[in-house]
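The values are calculated or read from the model by the stated rules, or taken from the named source; none is laboratory data. These figures come from a predicted structure and were not determined experimentally. Cβ placement follows ideal geometry from the backbone for every residue including glycine, while neighbour counts extend to all protein chains displayed. Please note that ligands, DNA and RNA were not included when accessible areas were found on the heavy atoms of the full protein model with its side chains. Shrake-Rupley method; radii C 1.70, N 1.55, O 1.52, S 1.80 Å.
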Amino acid sequence: MNRSAEKGNYTYILKCADGSLYCGWTNDLERRLASHNAGTASKYTRTRRPVELVWYEEFGTKQEAMSREFRIKRLTRQEKLALIGRKND
C-alpha cells in the first residue's frame with residue numbers, strides 16, 4: 001500500500017510576523033507549521049517568526065498540491081490576499 005495515498009497533501013499560505021506571505025506544500029500540515037515556527041522548515045520563514053496559518057487546501061496527490069503551490073506563487077500579493085479572504089492586510 002502506498003503511504004502517500006493515506007495522507008492528505010496540502011498547499012498552504014502562512015502570514016509571517018513581518019506581514020509577508022509564504023506559500024508551500026506538505027503532506028503533514030501540523031508538523032510543517034510547527035517546523036516553520038521552530039525555524040527549521042525554510043530559510044525564508046526562519047527570520048520571520050512566528051508564522052500563522054491563514055489558508056490551506058487539501059489535494060489527493062503530491063503533484064496536485066505542488067502544482068497549486070506553483071500557481072499561487074505566481075500571484076500578486078493582492079491576489080493572494082483575495083484568495084485567503086483578506087482585503088487590506
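Restricting attention to segment 42-82, the residues being charged (D, E, K, R) and in a helix (DSSP H, G or I) number 11. Among the residues examined, THR45 does not qualify as modelled with pLDDT of 95 or more and open to solvent by 50 Å² or more (accessible area, probe 1.4 Å). So, GLU57, is that one among the acidic types (Asp, Glu), within 13 Å of the chain's Cα centre (by Cα), loosely packed, with under 13 Cβ neighbours inside 10 Å and within 17 Å of LYS7 (Cα to Cα) or not? Judged against the criteria, GLU57 is not a match. Residues that are β-branched (Val, Ile, Thr) and farther than 18 Å from ARG32 by Cβ within segment 48-89 comprise just one, THR76.
For segment 15-39, a tally of residues being touching a Lys or Arg at 6+ places or on another chain (Cβ under 6 Å), touching a residue at least 24 places away in the same chain (Cβ under 8 Å) and outside any strand (DSSP E or B) returns 4.
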